[in-house]
Every structure is written in structure tokens, then in C-alpha cells.
Amino acid sequence: MNTENFTRSVLDWYDSGHRDLPWRHTKDPYRIWISEIMLQQTRAETVVSYYERFLKRFGTVEALANAPEEELLKSWEGLGYYTRARSLQKAARMLVRDYGGQLPADLDSLLALPGIGRYTAGAIASIAFGIPAAAVDGNVERVLCRYDAITDIVGTPAVRKRIEERAQQLVPTDRPGAFANAMMEMGATLCTPKSPKCLLCPVLDSCRGHALGIAQDLPVKPKKKAQRIEKRAVLLCLCDARVLVVRREEKLLGGLYVFPDVLEQDDPAALCAHMAQAGVQTAYDEHLGSARHVFTHIIWEMEIHLLLATACAPVENGMWVTREELAALPMPTAVKAARQWAMRRLKTT
Ligand code: SF4
């Protein structure tokens, strides 16, 4: 199948029916940008409700640029990879300052914005501005690796270049945005990581990976690094119907609120000593439960403990919050179980 046939077959397949996703009803660059950032590392079905809520609250580049950080992070709560939200705001501020609050209609200027890499720039350029630019995400990479039977390990500069060049050859000048969506749709619904539905595929006849019987084994990914396990004691310190939260300063989950925690420690006396060092006198009450959260490179294995403080003493980066205030704070999914315990305990105090 030549390039043009591939492109037409994929477009015809897309035109004959695809998932109805809200960002496919618009060409507004701001909306396309928000959807593409949310879709990084997150399934489309999950993104839908976040996308709509986010745009209701931050309907313009200006609104996003001026949003208080806590409110922005709260709207991102549960989506994870919070750097995306912070980069969005940085980019929005640059857009207000340098482009009158509009997204620029060229690839290089898009690429210069924080949080926008080659894929996102290609997606915005093609979908919002009709520029014939390729947008290679994991879905498209998988389709092309299988179609061309690329057996080299993906992720190296050479293979990335090869796939991007191939993708660029396929982009039609008349409907680049529809083609970008069609390729992503193929990767998400037909050419799926496990058990691709080849019999329904519009390019089955010319797919080399399928012909060779190796489609399912492609792309060949580099070996993943083993995830590091961190054992954390999460401390719910209660005092006068309030619980202590601290704002994380670390890169991972920076700007979000968590409960105080201690690494590799679960002795009650040591936990109280840790809080005393932070300036809060406590008495150990009980072990509440366990939780686990898997990040890309780390796994948190958490034991949740209840401590009763004698006074709401001030703590660096900390706040003593009521049940209502706790519900309104941006907190990561990693501490969801601990937050639920805190909500329950604050209800009964
Ligand atoms: S034939 Fe199968 S492996 Fe090849 S592109 Fe289509 S779905 Fe993917």
C-alpha cells in the first residue's frame, strides 16, 4: 500500500465512526491544548469529566494564567503528573505576555512553550491550525512499528526519528487534524497494546507486522527500571477537630498537601518523637490501616497512624484544617486512603 492509500484508508475508517469525545467538537487551540495535555499518560474516558470541569473553571488562557495555584492543582486532583498543570499555567502566562493570550500558529513557537513537546505541538498544529504536522504519541508509535514491522527497541533517537519521518510522510495536507485523530483512534481502539483487532483494521492487507505474525510483540520497549519501594508511616495528627497537613516542597507532588510522614519507621514512640521534633506534642492513639500507591519509579507502601496532639502548634509549611477545609485542599491520590480516614475521624470529634 502506498502512502496515499494508507492515509485515505485510515481517514475513511475514521469517518465511518469513532468515539465521540468532547475535544473532537472543537478546533479552538486553547481547548485542544488542554485536552492534549490531559491525555498525556491518561485514558480518554478518564479525561472527559476533568476536561469539561477544567474548562468551566478556566475558560480562557487569561483565566488559567491568573488562577491561584491551589485552585489549579485542586482541579487536577486525581489526574496525577501534576507537573503538567504547573507547566500549563507557566505557558498560559507566557501566552498572555507574548502572544496576547492566543496560542501561536506555528510549530516552533508551540515547542518553545513549557510542557509542549513534539507530540503535543504536532497535535495542536494539525488539529487546531490545519498545519500538516505529524503527532506521534504512544498509540501512533505502536501502529507504525507494527505496520512497518520495526523490531528495533523504541525510544532511541534513531528509531524515534525514523517513526516521526514515517508519520510525517503520511500526513495529508488537506485534513491533517482528522488524520492525527484517526491515527490516535486506531492505536486506542484497534491496534491496542494487547490483542490488536487486525481483522477490523483498514490497513490489514499491507501491515507487515501482521503478515509476519509479530504484530502483538511490537513495539519492542526498553527494559523498565525496577521501582523503588518506600515504606512510609503517614501521621494523622488530630487536635480540636482539626488535622495537620503539610505542603510538599519536593519535586514529586510539589505544591500539594499531604499528611506528615516518616520513612522506614513504625514504632509509636518514634512517630511521636518525629512530631515533637516538628514542634507538635502528641500521644499515639492507633494504627488505622494500610495503603499503597504506585508512581512511575517509586511505590509508596503506607501505614496510617492516628496521633492526638495536645495543641495545634505551628509547623513549617503546615496548617491545621477542619474537615471542610481538608476536602477543599489539593491532595494527591497517593494519600486518598489517609484523607478518608481523616474525614471519618474529624466527623466524630
Ligand atoms: S493490521 Fe493489526 S497490527 Fe497492523 S496496523 Fe492494523 S491493527 Fe495494527
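The values are calculated or read from the model by the stated rules, or taken from the named source; none is laboratory data. Quantities reported herein were computed from a predicted structural model and do not represent experimental measurements. Note that we place each Cβ from the backbone using ideal geometry, even for glycine, and neighbour counts take in every protein chain shown.
Of note, residue 161 does not satisfy the criterion of being more than 24 Å from the chain's Cα centre (by Cα) and within 14 Å of the ligand (Cβ to nearest atom).
Quick one: would you say residue 205 is touching a strand residue (DSSP E or B) at 6+ places or on another chain (Cβ under 9 Å) and farther than 23 Å from residue 44 by Cα? No; evaluated as a whole, the condition is false for this residue. Within region 216-233, the set of residues being of a type outside the set (A, V, I, L, M), under 30 Å from residue 288 (Cβ atoms) and surrounded by fewer than 21 Cβ atoms within 10 Å (Cβ to Cβ) comprises 227, 228, 230, 231. Listed by position, the helices (runs of 4 or more DSSP H) enclosed by region 39-144 that each have at least 2 residues that are surrounded by 21 or more Cβ atoms within 10 Å (Cβ to Cβ) are 44-57, 61-66, 69-76, 83-99, 118-129.
All of 271, 256 fail the test of being in contact with a helix residue (DSSP H, G or I) (Cβ under 8 Å, 6 or more places away or on another chain) and of a type in the set (A, V, I, L, M, F, W, C), apart from 256. Scanning region 1-38 for residues that are in contact (Cβ under 8 Å) with a residue 40 or more places away in the chain and under 21 Å from the mean Cα position of the chain (by Cα) yields 19, 24, 29, 30, 32, 33, 34, 36, 37, 38. Looking across region 250-266 at every residue that is of a type in the set (D, E, K, R) and surrounded by 12 or more Cβ atoms within 10 Å (Cβ to Cβ), the one that is modelled with the highest pLDDT is identified as 261.
Hey, does region 295-302 have a residue that's outside the structural domain of residue 72 (by TED's automatic domain parsing), at pLDDT 95 or above and hydroxyl-bearing (Ser, Thr, Tyr)? No, every residue in region 295-302 fails to be outside the structural domain of residue 72 (by TED's automatic domain parsing), at pLDDT 95 or above and hydroxyl-bearing (Ser, Thr, Tyr). Taken together, the criteria exclude residue 213 from residues that are surrounded by fewer than 14 Cβ atoms within 10 Å (Cβ to Cβ), at positive phi, outside the structural domain of residue 141 (by TED's automatic domain parsing) and assigned to a loop (DSSP other than H, G, I, E, B). Take the conditions (1) in contact with an Asp or Glu (Cβ under 8 Å, 6 or more places away or on another chain); (2) within 18 Å of residue 333 (Cβ to Cβ); residue 54 misses just one of them, which is (1). Under the condition of being surrounded by fewer than 17 Cβ atoms within 10 Å (Cβ to Cβ) and closer than 30 Å to residue 85 by Cα, which residue from region 340-349 is nearest to the chain's Cα centre (by Cα)? This residue is 340. Against the condition surrounded by 12 or more Cβ atoms within 10 Å (Cβ to Cβ), in a strand (DSSP E or B), touching a residue at least 24 places away in the same chain (Cβ under 8 Å) and touching a Cys at 6+ places or on another chain (Cβ under 9 Å), how does residue 236 come out, does it pass? The answer is no for residue 236. For region 245-339, the strands (runs of 3 or more DSSP E) that sit wholly inside it and include 3 or more residues that are within 31 Å of the chain's Cα centre (by Cα) and closer than 20 Å to residue 69 by Cβ are 318-321.
Yes or no, residue by residue, for (1) of a type outside the set (Lys, Arg); (2) at pLDDT below 95; (3) part of a helix (DSSP H, G or I):
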site: 5; (1), (2), (3): yes, yes, yes
site: 13; (1), (2), (3): yes, no, yes
site: 17; (1), (2), (3): yes, yes, no
site: 34; (1), (2), (3): yes, no, yes
site: 37; (1), (2), (3): yes, no, yes
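Within region 188-202, being more than 8 Å from the ligand (Cβ to nearest atom) and in a helix (DSSP H, G or I) holds for 188, 189, 199.
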